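The values are calculated or read from the model by the stated rules, or taken from the named source; none is laboratory data. Values in this document were obtained by computation on a predicted structure and should not be read as measured data. Note: ideal-geometry Cβ built from the backbone for every residue, glycine included; neighbour counts use all protein chains shown. These area figures cover heavy atoms from the full protein model, side chains too; ligands, DNA and RNA do not enter into them. Shrake-Rupley method; radii C 1.70, N 1.55, O 1.52, S 1.80 Å.
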Amino acid sequence: AAQQRQEARGRQLQSQFPGWPLTMPTASQQPPTDALDVPAVTDALVANDPEWRAAQLEADQALTLASLDQREQTPDPTVGLKLAQSRNSAEKMLGVTLSWPIGGAARGHAAQASAAQAEAARQRAEWARTQAQQGYTQARQNVTDSLQRWQLAHAAWQQLQDVALSLEKGFRLGEGSLNELLQARRLANDQAQVAAQAEVDHLLARWTWQVM
């Protein structure tokens with residue numbers, strides 16, 4: 001008799017709601033329960049960031065040019081020799097000259113400009129390194145956070161699915177109301193979509209981390 005009532009209730013559902021699924025939809029695959037082995041953000045990892053490497057190369061070149069301009073700000077001294085002899089004398093004289101030029105204003109301004117450019121390039125490189133550090137740290141955190149959201153969403157779907165299956169089983173046996181069953185089914189279906197989206201978000205976070 002119970003089997004007959006269950007089959008009759010099933011036919012009632014099929015007649016009232018054509019296409020009524022015989023089984024509950026699944027929320028994609030089971031998320032991993034173990035902690036993910038995501039490498040820590042190290043200096044070596046940040047050093048491979050292409051934007052930081054380009055900024056650091058620019059800073060090194062600017063520092064080299066500034067050093068050259070600083071050395072050229074004051075020209076090198078020169079030493080000269082002079083040989084003299086009077087007309088009616090065999091006596092000869094040897095003189096030594098020392099020239100120590102004073103650096104011009106143009107060279108001083110050029111050295112100051114080069115030093116300012118080197119400092120600006122250094123600050124850009126430091127900013128690029130900070131951005132890279134933050135980017136890697138955030139990407140790594142997104143991997144772990146998205147996994148937790150997927151796990152929570154999947155667990156919530158399992159609970160709602162169990163409730164819906166229990167209500168459907170009772171309804172087929174003549175217990176409970178159809179409204180309660182429909183509401184439970186809707187909640188389980190909605191949560192299945194939430195869990196599926198959480199899985200997609202986690203896979204995207206993993207992919208983003210791997211290609212960095």
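Take the Cβ-Cβ distance between VAL200 and GLN159 as r, set R0 to 25 Å, and report the resulting FRET efficiency rounded to the nearest 0.05.
With R0 = 25 Å, the Cβ-Cβ based efficiency is 0.75.
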Starting from the Cα of GLN193, step 7 Å toward the Cβ, then list every residue of the stretch 127-154 with an amide N under 17 Å from that point. 153-154
Using θ = phi - 60° and Karplus 6.51 cos²θ - 1.76 cosθ + 1.60, couplings along the stretch 45-54 (whole Hz; Gly, Pro as x): 5, 5, 5, 8, 5, x, 5, 5, 4, 5
Residues in the stretch 118-139 near a label at GLU51, defined as backbone nitrogen under 17 Å from the 7 Å Cα→Cβ point? 121-139
Taking only C-alpha pairs under 8 Å that are 6+ residues apart, what is the relative contact order of the stretch 133-212 in percent? 50 percent
Could you state how much accessible area ASP43 has, in square angstrom rounded to the nearest 10, with a 1.4 Å probe and all protein chains kept in place? 100 Å²
Which whole-angstrom value gives the distance between the alpha carbon centres of the stretch 179-212 and the stretch 134-170? 7 Å
